[in-house]
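Report on the following structure.
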Amino acid sequence: MMSKRLKHLIHTLPKAELHLHIEGSLEPQLMWDLAQKHNIALPFANVEAIQSAYQFENLQNFLDLYYQGADVLRDEDDFFALMWAYLCKCYEQNIVHTEIMFDPQTHTQRGIDYAVFMPGFARAIQKAKAEFGMSVYLILSFLRHLSELSALEALADARPYYSMITAVGLDSSELGNPPSKFTHVFAQAKELGFKLVAHAGEEGPPEYVWEALELLRVDRIDHGVRSIEDSSLMAYLKEQQIPLTVCPLSNLKLRVVNEMSQHNIIQLLDDGLLVTVNSDDPSYFGGYLDDNFHALAHHLSLSEQALAQLVCNSFTASFLPESQKQHWLAQIRALTATD
Ligand code: HPA
Ligand SMILES: [Zn+2]
């Protein structure tokens, strides 16, 4: 059972989200509307049929639908609509800062250029900054099932938009595509001054987390829940306070865990790791950030103290300047102070 107070706190605390794929926030209704707009035949009879297709066996199974879904995104207005819809969700849920991944290769491979999607994203972000006072960073994510050469091209093609981009990341099919495949492009991104993140230890083994840390020199690990299988890795993550951006509903939907009650996020937190809660691909995984916290409250008896720690961690692990981190941490402390 979730107390009224806990539910209220989950909603009202200012939060940061650090692991969100914008293409994974494409709601069935918007997918349907854009397919109509562009005369694209979808393999679904209606919006409800799209929703009910979201049953996955594993990561690849999901990715196949996710890339197919992204095909309805064709012009600048589509990318604006996609980004705006997510930023409105953030506003509703008191997410005051978000670091959003986008997959340029998903679009450039279909002939949709940076000059189409970046201005669409930029317009929505400007509007959210002006109307909601929100801060929004972008993370350019490379698709790891493609070659490193393709990633190098994606980074080079982004050049006119570097000022809009805070970090680079690595996503898509993890097994068989280790971080070591991308050492050159990550070295180049670091040289250019970008922060670095990579998905590792979602389906892949702890060795992939080590590679992301030692070969790619990432600042954060996306997912990383399989780190628990390697005690020396756990010690290192704790000592270095390397953030893990954990996504509970995603892990459940992609069968990284069989039951939410078996999720290791609270254990990772209790072990002293810098873990955060995130929604990953909310449209596909059945919930936005609040829903992920609700799932922890229902199935892992999330305490108020653990909630406050997770929310504080979301700012500590962010790429915000130190002064802004301190500002939000003070707000959270004031709102969660007991007595
Ligand atoms: O959870 C994920 N893992 C890997 N790639 C992804 N691309 C979107 N979501 C994911
Ligand atoms: Zn992800």
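Checking each residue in the range 88-119 for being within 15 Å of L20 (Cα to Cα) and either among the hydrophobic types (A, V, I, L, M, F, W, C) or within 16 Å of ligand 2 (Cβ to nearest atom) (or both) picks out C88, C90, I95, V96, T98, E99, I100, M101, F102, D103, P104. Among the residues of the range 42-78, just one is among the polar types (S, T, N, Q) and under 22 Å from F117 (Cβ atoms), namely Q68.
Here's the yes/no breakdown for (1) in contact (Cβ under 8 Å) with a residue 12 or more places away in the chain; (2) of a type outside the set (D, E); (3) touching a helix residue (DSSP H, G or I) at 6+ places or on another chain (Cβ under 8 Å); (4) more than 16 Å from ligand 2 (Cβ to nearest atom):
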residue	(1), (2), (3), (4)
C247	yes, yes, yes, no
S250	yes, yes, yes, no
K253	yes, yes, yes, no
I265	yes, yes, yes, no
L274	yes, yes, yes, yes
Y284	yes, yes, yes, no
S303	no, yes, no, yes
A306	yes, yes, yes, yes
A317	yes, yes, no, no
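For the range 171-207, the candidate set comprises residues that are within 16 Å of ligand 2 (Cβ to nearest atom) and acidic (D, E); within that set, the residue that is nearest to C247 (Cα to Cα) is E202. Among the residues of the range 144-178, those that are under 14 Å from the mean Cα position of the chain (by Cα) and of a type in the set (A, V, I, L, M) comprise A167, V168, L170.
G69 fulfils the conditions (1) among the small types (G, A, S); (2) surrounded by fewer than 16 Cβ atoms within 10 Å (Cβ to Cβ); (3) under 24 Å from I125 (Cβ atoms) except for a single criterion, (2).
When the range 155-208 is limited to residues that are of a type in the set (D, E) and in a loop (DSSP other than H, G, I, E, B), the one that is farthest from G120 (Cα to Cα) turns out to be E203. Taking (1) closer than 30 Å to G204 by Cα; (2) touching a Lys or Arg at 6+ places or on another chain (Cβ under 8 Å) in turn, H38 satisfies each apart from (1). Put simply, of L254, L268 the only residue that is more than 15 Å from ligand 1 (Cβ to nearest atom), closer than 15 Å to H19 by Cβ and not small (G, A, S) is L268. Annotation note: Cβ proximity below 7 Å between a residue of the range 199-215 that is in contact (Cβ under 8 Å) with a residue 24 or more places away in the chain and acidic (D, E) and a residue that is more than 15 Å from ligand 1 (Cβ to nearest atom) and assigned to a helix (DSSP H, G or I) (sequence gap 6+ or interchain) occurs for E211/S180.
Among the residues examined, I139 qualifies as modelled with pLDDT of 95 or more and under 15 Å from the mean Cα position of the chain (by Cα).
Scan the range 315-325 for residues that are part of a helix (DSSP H, G or I), polar (S, T, N, Q) and closer than 13 Å to K15 by Cα and the total you get is 2. Tell me yes or no: at least one residue of the range 212-221 is touching a Cys at 6+ places or on another chain (Cβ under 9 Å), within 16 Å of ligand 2 (Cβ to nearest atom) and among the charged types (D, E, K, R). Checked the range 212-221: no residue is touching a Cys at 6+ places or on another chain (Cβ under 9 Å), within 16 Å of ligand 2 (Cβ to nearest atom) and among the charged types (D, E, K, R).
The values are calculated or read from the model by the stated rules, or taken from the named source; none is laboratory data. These figures come from a predicted structure and were not determined experimentally. We place every Cβ from the backbone using ideal geometry, glycine too, and count neighbours over all the protein chains shown.
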